[in-house]
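A short write-up of the structure that comes next.
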Amino acid sequence: MVNLDDKLTELRNEENRILGAIDERNRKRKIQCGACDDFHEIGNLKAIQTHWYTPPTGCTEGDYWNDGELQYVCPETGIINRLLFDNNDVPWKERKDFDNNPEEQFKRNYKKLFEEVTDNYDRTIPGKWVNNYYVDRNREKFGLVERRKRT
Ligand SMILES: [Zn+2]
């Protein structure tokens, strides 16, 4: 007779093994650089998580910090790539849904895979930078929600 607790432990171990293998695969995925045009493996890049501030409103709402865009530093040139997403194909009301937000999905699945992630609470970008839409333009490659057909 099968012990259900043992079976569940076994399944969870298997799940963790598969999740680890997926991270390993994703870590090797490459982003074309907006600074040097080469393809860089995500696992070899240093990322910067930006933050922006919401001041307090009225007497009930406190201030807080929001996660902004994710950036990475080109290892060849030191130029910062802003990983930007054009989510205009998704109606405003639906953007908060996880499935309809490719940027949130990318951060959730890939941010932990960069070589390191530092936080920036400053409003300025420290150094030269470029806009990079590679991930957004290749959503399928990164397993992100697909772009909607415009009607
Ligand atoms: Zn580069």
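Cβ contacts < 8 Å: first residue closer than 19 Å to Cys74 by Cβ, restricted to the stretch 108-125; second residue of a type in the set (Phe, Trp, Tyr), any location; separation 6+ or different chain. Result?
Between residues of the stretch 108-125 that are closer than 19 Å to Cys74 by Cβ and residues that are of a type in the set (Phe, Trp, Tyr), the close pairs are Tyr110/Phe142; Phe114/Tyr72.
Please state which of the following conditions Lys28 fails to meet, knowing it meets all the rest: (1) within 16 Å of the ligand (Cβ to nearest atom); (2) more than 20 Å from Thr124 (Cβ to Cβ); (3) under 17 Å from the mean Cα position of the chain (by Cα).
(1)
Please enumerate the residues belonging to the stretch 38-49 that are more than 7 Å from the ligand (Cβ to nearest atom) and not hydrophobic (A, V, I, L, M, F, W, C).
Glu41, Gly43, Asn44, Lys46, Gln49
Could you identify the single residue in Leu45, Leu11, Leu19 that is more than 26 Å from Glu140 (Cβ to Cβ) and at pLDDT 95 or above?
Working: Leu45 fails: more than 26 Å from Glu140 (Cβ to Cβ); Leu19 fails: more than 26 Å from Glu140 (Cβ to Cβ).
None of the others qualify; the one that does is Leu11.
Here is a yes/no grid of residues against (1) over 26 Å from Asp38 (Cβ atoms); (2) modelled with pLDDT under 95; (3) not acidic (Asp, Glu):
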site	(1), (2), (3)
Pro55	yes, yes, yes
Asp67	yes, yes, no
Tyr72	no, no, yes
Ile79	no, no, yes
Arg82	no, no, yes
Phe85	no, yes, yes
Asn88	yes, yes, yes
Lys93	yes, yes, yes
Asn101	yes, yes, yes
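How about the stretch 7-32: which of its residues are outside any helix (DSSP H, G or I) and either farther than 17 Å from Asn131 by Cα or without any contact (Cβ under 8 Å) to a residue 24 or more places away in the chain (or both)?
Lys28, Arg29, Lys30 - these are the residues of the stretch 7-32 that are outside any helix (DSSP H, G or I) and either farther than 17 Å from Asn131 by Cα or without any contact (Cβ under 8 Å) to a residue 24 or more places away in the chain (or both).
Would you call Phe114 surrounded by 16 or more Cβ atoms within 10 Å (Cβ to Cβ), in contact with a Gly (Cβ under 9 Å, 6 or more places away or on another chain) and at negative phi?
Answer is yes for this residue.
The values are calculated or read from the model by the stated rules, or taken from the named source; none is laboratory data. Values in this document were obtained by computation on a predicted structure and should not be read as measured data. Neighbour counts are summed over all protein chains in view; Cβ atoms, including those assigned to glycine, are modelled from backbone coordinates with ideal geometry.
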